[in-house]
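Scroll down for the structure; my scribbles are underneath it.
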Ligand SMILES: Nc1ncnc2c1ncn2[C@@H]1O[C@H](COP(=O)(O)OP(=O)(O)OP(=O)(O)O)[C@@H](O)[C@H]1O
Ligand SMILES: [Mg+2]
């Protein structure tokens, strides 16, 4: 597979602050890649560099093998959708979508045809003559999307396009965006700090933390096989339990030995993660391990119930359990069981994966 877009060793500083610290990644044509990470990790900065609104201090952006660093944004032919509805309020929906085509000198019959087709794709065919103030938030974002795709961009860049929408509409729109992207086959870089959104829409996810790319992989591996403690912690609910490497074992402070062999020197402080959905009230195999816990709070959440417990070493743990099991009483003692294959092991000092 040849790379359509490549980011090579990009460094960006704002004064003393290094916001991107040597980020490299690449995408094949047609891929939907999501940049995921907490607020301030550098997602928007990277997207703005790709778009050409910001110049990196080091490194290159390549499209189709060609370095595009010197090219201004309007020469890059990328579609962009932003968090804030970047639609012109005084222009009709039609004129908003036609804007990029007119700027490119496309002839008017062709404009009419392309705008109609783009509006149909985002389900706004009947709204061409409306003005943005007469539209809902979701509709405004669809206008933004139509405006981005109508120019048939080489690359589609989206920066938290759904964050101003309510939860239900966000889920609806993310599915629409994904379907549209597949249909058109546009290489897409999508920015979000919403981990569920990233898991749901992406071909691959790139997890950023403070300007460093920690992992880039398909959603399932990001979730099940995190390369770094930060990734395990940021995506999905992960319990973090203190552990120590012993001579030939990894022992939790709360009791059981989770690995017969440690990949680090004896005495190394470790953090073991266990997903909240991987805990049970009874063992499901001969090798399952037991944690003695005391219930602090049991919350009924409809499809599941969430227990917050303390363990013998004073640490806290959360478990999502089948609500059919009945809610245990706060203060009561229970056993929580897990399969050792579900445990992920990291060094406590720098979050490196070691098992
Ligand atoms: N023009 C600028 N001048 C100085 N610092 C900046 C500038 N733009 C961004 N920063 C800083 O760079 C860091 C990364 O910002 P960026 O906007 O890329 O984060 P982000 O990952 O998009 O966060 P969010 O999820 O909140 O949008 C932040 O610490 C931010 O304060
Ligand atoms: Mg941002």
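Derivation of every value follows stated rules applied to the coordinates shown; laboratory data play no part. Quick caveat: nothing in here was measured; it's all calculated off a predicted structure. Every residue, glycine as well, gets a Cβ built from its backbone with ideal geometry; the counts of neighbours run over all protein chains shown.
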> Roughly speaking, what % of Cα-Cα pairs in the chain are separated by over 24 Å, rounded to a whole number?
Replying inline: 64 percent
> For the residues 273, 347, what sequence is obtained by ranking on other C-beta atoms within 10 Å, fewest first?
Replying inline: 347, 273
>> Relative contact order for the chain: what percent, with Cα pairs under 8 Å and sequence separation of 6 or more?
In response: 15 percent
> Considering only DSSP beta bridges with both partners in the chain, what is the antiparallel share in %, to the nearest 5?
Replying inline: 75 percent
> What is the fewest-to-most order of 171, 111 by other Cβ atoms lying within 10 Å of their Cβ?
Replying inline: 171, 111
> Just how far, in whole angstrom, is the range 73-97 from the range 227-296 if you go by their alpha carbon centroids?
Replying inline: 49 Å
>> Binning at 10 angstrom from zero up to the longest distance, how are the C-alpha pair distances of the range 237-347 distributed in percent?
In response: 15, 47, 29, 8, 1
> If you rank 143, 61, 150 by fewest surrounding Cβ atoms within 10 Å, what's the result?
Replying inline: 61, 150, 143
